[in-house]
Amino acid sequence: MGIQRQNLKKSFQNNDESQSDCELWENFKSGCESAFKSIYFLHYYALYHYALNISKDETVSVDAIQDLFSDLWGSRKRLGHVLSIKAYLLSSLRRRVLQKLKRKRRKQVLALEFFTFDPDIEFSPEILMIQRENDLFRQAAVREALNELSKRQKEVVYLRFFLDISYKEVAQVMGINYQSVLNHHQTAIQKLRNNEALLRAASRGKL
């Protein structure tokens with residue numbers, strides 16, 4: 001995200017910090033362009049990086065976000081209530097990105113009816129953003145441990161801890177039930193705890 005987009009995001013955060021998600025959403029649905037722009041700039045950063053981590057394709061990511069917001073504005077009067085705008089947008093964006101990726105794969109996959117796609121998020125140093133930047137060993141160990149998780153486990157961890165949404169919202173975004181999210185999370189945490197490299201790194205400083 002560029003400096004201009006960051007400044008605009010801060011501006012909209014300041015203007016709408018007193019509004020709840022429900023209030024902001026209802027204002028948007030009523031045709032308020034300011035509310036629509038607020039939703040866009042408040043959530044663009046998370047949406048862009050989530051889409052990019054799923055698709056590994058910047059064009060697909062940007063196109064999916066633009067399509068999402070274009071359709072949102074056009075269908076605003078028909079939309080229902082939402083409790084979490086962020087979770088709603090992530091869920092909608094996830095479907096769009098996977099659809100675009102599936103269409104791209106049609107040229108390569110002959111038996112499309114047998115084709116399934118699960119996002120495979122890769123935890124890069126930029127995603128982790130560990131505060132003590134000089135602790136390269138610890139950063140590498142954490143990244144290695146996270147990237148050894150299954151695709152579903154990585155997505156649960158990314159959504160829950162890096163995009164800071166609840167387990168219930170993670171289930172909404174991924175289209176799976178709440179218990180499955182908890183199971184993936186618990187298994188992921190156990191794998192991380194069992195990773196010797198991560199334990200050695202943890203002994204060097206608080207995670």
Out of curiosity, is Asp57 surrounded by fewer than 18 Cβ atoms within 10 Å (Cβ to Cβ), modelled with pLDDT of 95 or more and over 16 Å from Ser38 (Cβ atoms)?
no
Of everything in segment 154-187 that's outside any helix (DSSP H, G or I) and under 16 Å from Lys86 (Cα atoms), which residue is nearest to the chain's Cα centre (by Cα)?
Leu163
Only one of (1) modelled with pLDDT of 75 or more; (2) crowded, with 18+ Cβ neighbours inside 10 Å does not apply to Asn177, and that is (2)
Is one or more of the residues making up segment 66-77 under 21 Å from Phe161 (Cα atoms) and at pLDDT 95 or above?
no
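Results for (1) of a type in the set (Gly, Ala, Ser); (2) at pLDDT 95 or above; (3) buried (at least 21 other Cβ atoms within 10 Å of the Cβ), shown as yes or no for each residue.
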position	(1), (2), (3)
Glu148	no, no, no
Val157	no, no, no
Phe161	no, no, no
Glu169	no, yes, yes
Asn183	no, yes, no
Thr187	no, no, no
Ala197	yes, no, no
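The values are calculated or read from the model by the stated rules, or taken from the named source; none is laboratory data. Bear in mind the structure is a predicted one, so any value in this text is a computation, not a measurement. Cβ: placed from backbone, ideal geometry, glycine included. Neighbour counts: every protein chain shown.
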